[in-house]
1. Quick test for you: out of Ala203, Ala186, Ala135, Ala168, pick the one residue that is among the aliphatic types (A, V, I, L, M) and in contact (Cβ under 8 Å) with a residue 12 or more places away in the chain.
2. Just for strands (runs of 3 or more DSSP E) wholly inside the range 31-125: which have at least 2 residues that are modelled with pLDDT of 90 or more and over 14 Å from the mean Cα position of the chain (by Cα)?
3. Determine if the range 164-181 includes at least one residue that is within 17 Å of Gly71 (Cα to Cα), open to solvent by less than 60 Å² (accessible area, probe 1.4 Å) and outside any helix (DSSP H, G or I).
4. Any chance you could count how many residues in the range 134-146 are out of contact with any helix residue (DSSP H, G or I) (no Cβ under 8 Å at 6 or more places or on another chain) and either farther than 17 Å from Ser67 by Cβ or open to solvent by less than 80 Å² (accessible area, probe 1.4 Å) (or both)?
5. Would you pick out the residues in the range 147-163 that are open to solvent by 70 Å² or more (accessible area, probe 1.4 Å) and in a helix (DSSP H, G or I)?
6. Pull up the range 17-30, narrow it to residues that are in a loop (DSSP other than H, G, I, E, B) and under 20 Å from Ile112 (Cβ atoms), then point me to the one that is modelled with the lowest pLDDT.
7. Would you pick out the residues in the range 92-114 that are open to solvent by 30 Å² or more (accessible area, probe 1.4 Å) and either among the charged types (D, E, K, R) or farther than 16 Å from Ile27 by Cβ (or both)?
8. With touching a residue at least 40 places away in the same chain (Cβ under 8 Å) and among the hydroxyl-bearing types (Ser, Thr, Tyr) as the only criterion, which of Ser47, Ser67 stands out?
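The values are calculated or read from the model by the stated rules, or taken from the named source; none is laboratory data. Bear in mind the structure is a predicted one, so any value in this text is a computation, not a measurement. Quick reminder, even Gly has a Cβ in these numbers, built from the backbone with ideal geometry, and neighbours come from all protein chains shown. Accessible surface areas use protein heavy atoms only, side chains included; no ligands, DNA or RNA. Shrake-Rupley method; radii C 1.70, N 1.55, O 1.52, S 1.80 Å.
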Amino acid sequence: MHNLREIPAERTKIGKIDPMRTRENQILVGHDTSSEVKLEYDAVIKSANLLRKIRRDAVLGIEAVFSLPNGHKLNEEEFFNSCIEWCRKYFGIYVLSAIVHRDEACPHCHIILIPLVNSSLQGSKLYGNRTKMRAMHEHFYENVGVFFGLTKPRPTVRYPSEYRMKIATEIVGLLSVNEESMRDSAVQNELVQLVSRDPMDLAEIIGIVTPRPVIKDYKTYAL
């Protein structure tokens, strides 16, 4: 229901979804209502002639999410279709639904797969542990990422505060004397991401008025 925007609360102006852009979302695989998706799921399960009864704690599906950064120059439909095909080949299981969201911060695709292997649900085995997850990421990069000019993210390293301050000072010094760098969209996007973590002090220093936002007490539920 979330992927197909059938949850009424998500279609308001409050939250991460922009309802004015929901029409830009795209279904690449599957039906356009959750009830039809559920019917297809049930039909696939029934035709599989499962070897044993489905346990209450069984993994009924796997969802893979592929995202692109804002300002990218790729053909989104071509990239996400390649992601779908990679899922089919890598997992070797049924692709039930694939939906592209363009009404949130970054374009991304939700792909739902049915973890049927040899007439049994093997979701946990397909997902695997951290080692298997790293191997999966590497396989995706080598078979899809490189063909679209994507780069691998740097490993997360926690540098000492003194070193981070030194590098930050050098960056500010370079940008202050190089206006061309400030016009680079990649530099601007990175700065926005960094500043957005705590922008209020900097906004005040440079004279931007920041009215106090109205914060409501919303409850969230994990399903």
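1. Ala186
2. Fully inside the range 31-125 and qualifying: 94-101, 108-114.
3. No, there is no match, as no residue in the range 164-181 is within 17 Å of Gly71 (Cα to Cα), open to solvent by less than 60 Å² (accessible area, probe 1.4 Å) and outside any helix (DSSP H, G or I).
4. Of the residues in the range 134-146, 7 are out of contact with any helix residue (DSSP H, G or I) (no Cβ under 8 Å at 6 or more places or on another chain) and either farther than 17 Å from Ser67 by Cβ or open to solvent by less than 80 Å² (accessible area, probe 1.4 Å) (or both).
5. Phe147, Glu162, Tyr163
6. Among them, the one singled out is Ile17.
7. Within the range 92-114, Gly92, Tyr94, Arg102, Glu104, Ala105, Cys106 meet the criteria.
8. Result of the check over Ser47, Ser67: Ser67.
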